[in-house]
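One structure is given here, and the rest of the page talks about it.
The values are calculated or read from the model by the stated rules, or taken from the named source; none is laboratory data. Note that the coordinates shown come from a computational prediction; the quantities given were computed from them, not determined experimentally. Glycine gets a Cβ as well: all are built from the backbone with ideal geometry, and neighbour counts include every protein chain shown.
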């Protein structure tokens with residue numbers, strides 16, 4: 001176990017009510033929408049992920065959280081690399097496809113968008129608003145999820161608005177006072 005898991009295990013007040021309150025509160029947190037991808041000996045997979053953040057600029061490091069039951073977890077651990085593709089505001093259909101609930105087509109179908117690779121070989125969306133191409137440096141298990149820490153090998157940025165998610169709805173950024 002680690003410090004995070006130990007702290008959660010020590011919480012004796014955990015209940016179904018707290019779980020529901022937690023999920024409701026998290027639904028009110030606006031997040032960017034990303035698709036995390038990996039490719040290599042462990043297979044080619046991608047999944048929509050909203051839990052992504054910067055860890056450090058020195059050295060550039062990101063963190064993504066993925067449910068441990070997802071096939072992308074084992075593949076990423078074997079492949080030792082992953083991409084984080086920050087979706088553009090017009091890519092809700094890509095988010096839905098890699099969340100397993102496309103309006104049309106098959107779930108997790110790479111044919112729903114255009115892809116390339118960068119330094120690590122992980123799949124990278126051509127039209128994303130930002131991309132982080134990462135080498136896996138650490139994995140932490142916490143509750144139902146695995147936290148992947150990635151050393152950023154290269155990035156790409158496009159001057160387009162990112163896709164946001166809040167209260168089970170997609171949205172886009174609007175400047176204050178607009």
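Key figures for this structure:
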quantity: Unmet criterion (only one of (1) modelled with pLDDT of 95 or more; (2) surrounded by fewer than 22 Cβ atoms within 10 Å (Cβ to Cβ); (3) touching a helix residue (DSSP H, G or I) at 6+ places or on another chain (Cβ under 9 Å); (4) over 18 Å from residue 32 (Cα atoms)) for residue 127; calculated: (4)
quantity: Filter result (modelled with pLDDT under 90 and either under 16 Å from residue 86 (Cα atoms) or under 17 Å from the mean Cα position of the chain (by Cα) (or both)) within the range 148-171; calculated: 166, 168
quantity: Evaluation of residue 99 against (1) closer than 15 Å to residue 49 by Cβ; (2) more than 16 Å from the chain's Cα centre (by Cα) (one fails), failing number; calculated: (2)
quantity: Positions within the range 27-52 being loosely packed, with under 12 Cβ neighbours inside 10 Å and free of Cβ contacts under 8 Å to residues at least 40 places away in the same chain, in sequence order; calculated: 41
quantity: Selection status of residue 76, more than 21 Å from residue 169 (Cα to Cα), surrounded by fewer than 15 Cβ atoms within 10 Å (Cβ to Cβ) and in contact (Cβ under 8 Å) with a residue 24 or more places away in the chain; calculated: no
quantity: Identity of the residue in the range 89-109, touching a helix residue (DSSP H, G or I) at 6+ places or on another chain (Cβ under 9 Å) and closer than 16 Å to residue 71 by Cα, that ends up surrounded by the most Cβ atoms within 10 Å (Cβ to Cβ); calculated: 98
quantity: So residue 86, is it over 10 Å from residue 35 (Cβ atoms) and crowded, with 18+ Cβ neighbours inside 10 Å; calculated: no
quantity: All helices (runs of 4 or more DSSP H) inside the range 1-80 with 1 or more residues being at pLDDT 95 or above and at positive phi; calculated: none
